[in-house]
1. Would it be correct to say that residue 260 is in contact with a helix residue (DSSP H, G or I) (Cβ under 8 Å, 6 or more places away or on another chain) and either surrounded by fewer than 20 Cβ atoms within 10 Å (Cβ to Cβ) or at pLDDT below 95 (or both)?
2. How many residues does the range 119-136 hold that are part of a loop (DSSP other than H, G, I, E, B), buried (at least 17 other Cβ atoms within 10 Å of the Cβ) and away from the ligand (no atom under 14 Å from the Cβ)?
3. Does residue 154 fit the bill of being farther than 20 Å from residue 131 by Cα, loosely packed, with under 13 Cβ neighbours inside 10 Å and away from the ligand (no atom under 16 Å from the Cβ)?
4. Regarding residue 182, is this residue touching a residue at least 24 places away in the same chain (Cβ under 8 Å) and touching a strand residue (DSSP E or B) at 6+ places or on another chain (Cβ under 8 Å)?
5. Have a look at 211, 216, 251, 199 and point out the one that is in contact (Cβ under 8 Å) with a residue 40 or more places away in the chain and within 11 Å of the ligand (Cβ to nearest atom).
6. Taking the range 103-118 only, how many residues are in contact with a strand residue (DSSP E or B) (Cβ under 7 Å, 6 or more places away or on another chain) and not in a strand (DSSP E or B)?
7. List every residue pair whose Cβ atoms sit under 6 Å apart, with the two residues 6 or more apart in sequence or on different chains, where the first one lies in the range 89-113 and is at positive phi and the second, anywhere, is surrounded by fewer than 24 Cβ atoms within 10 Å (Cβ to Cβ).
8. Name, by its number, the condition in (1) surrounded by fewer than 24 Cβ atoms within 10 Å (Cβ to Cβ); (2) within 10 Å of the ligand (Cβ to nearest atom); (3) part of a helix (DSSP H, G or I) that does not hold for residue 235.
Ligand code: HPA
């Protein structure tokens, strides 16, 4: 049995809860974990073979339960490539969501703004991504049970889910931008000239997660929605110092708007 199947079997020994939607909570966005009406919590460290997050602000557990009466599985905490794991390990937690039968995954993150019209607190719907600066999580022998060797990536972020997110934003009176997310490995924040290059490549936000997960999920044919909370401006940053503490603080503050969007959108997805 593969590690993926062993971990999935271990989770299934603990719960038969089978939600349609999975949600990954990014840096500073863990508040949703306190609001969920939990049925079962499984700390990552209890799952043999599971990569455990070492990043501050990232707890590690799957939480099965209800948000607005909708069954969901939350990933409270993710692992990052900069922690030293292989890309294959970094995407293992989201692949497990797929193995558990989830049809849609909502990925959230904190990100640096590259679009000059953004500011700390801007909420961005990810309409496409750039993974050219990270290794692909699909490198290595292809697991045909997950997906095809050469998966199409023309539409990583599902158009219909993006529409539902915009509908929710309009109902909640939340401003929502559409933008392109570029993933870097981290852990260093980008230099001013790197930021300028990423912006010149058309990216609106930069971060250290999410795009690799989206790639692995699309490989499995799972529908993906991505939402960024802009916690700092990464463009024109010659005179600003970015810290992880600041990123966490802004995500905590502005993240509630993002989480309200997630809560509203899961209801729409469930009622489809
Ligand atoms: N760069 C990369 N990742 C980030 C940033 C940033 O400026 N802010 C939050 N995550």
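1. Numbers: in contact with a helix residue (DSSP H, G or I) (Cβ under 8 Å, 6 or more places away or on another chain): yes; either surrounded by fewer than 20 Cβ atoms within 10 Å (Cβ to Cβ) or at pLDDT below 95 (or both): yes.
Answer is yes for this residue.
2. Count: 1.
3. On the way: farther than 20 Å from residue 131 by Cα: no; loosely packed, with under 13 Cβ neighbours inside 10 Å: yes; away from the ligand (no atom under 16 Å from the Cβ): yes.
Spelling it out, it is not the case that residue 154 is farther than 20 Å from residue 131 by Cα, loosely packed, with under 13 Cβ neighbours inside 10 Å and away from the ligand (no atom under 16 Å from the Cβ).
4. Details: touching a residue at least 24 places away in the same chain (Cβ under 8 Å): yes; touching a strand residue (DSSP E or B) at 6+ places or on another chain (Cβ under 8 Å): yes.
The answer is yes for residue 182.
5. On the way: 211 fails: within 11 Å of the ligand (Cβ to nearest atom); 216 fails: within 11 Å of the ligand (Cβ to nearest atom); 199 fails: within 11 Å of the ligand (Cβ to nearest atom).
Of the residues listed, the single one that is in contact (Cβ under 8 Å) with a residue 40 or more places away in the chain and within 11 Å of the ligand (Cβ to nearest atom) is 251.
6. Looking only at the range 103-118, we keep the residues that are in contact with a strand residue (DSSP E or B) (Cβ under 7 Å, 6 or more places away or on another chain), and these are 103-115, 118.
Next cut, not in a strand (DSSP E or B) only: 103, 114-115, 118.
So the count comes out to 4.
7. 101/18
8. Here residue 235 clears every test but (3).
The values are calculated or read from the model by the stated rules, or taken from the named source; none is laboratory data. Just so you know, these numbers come straight off a predicted model, no measurement behind them. Don't worry about glycine lacking a Cβ; one is built from the backbone with ideal geometry, like all the others, and counts go over all protein chains shown.
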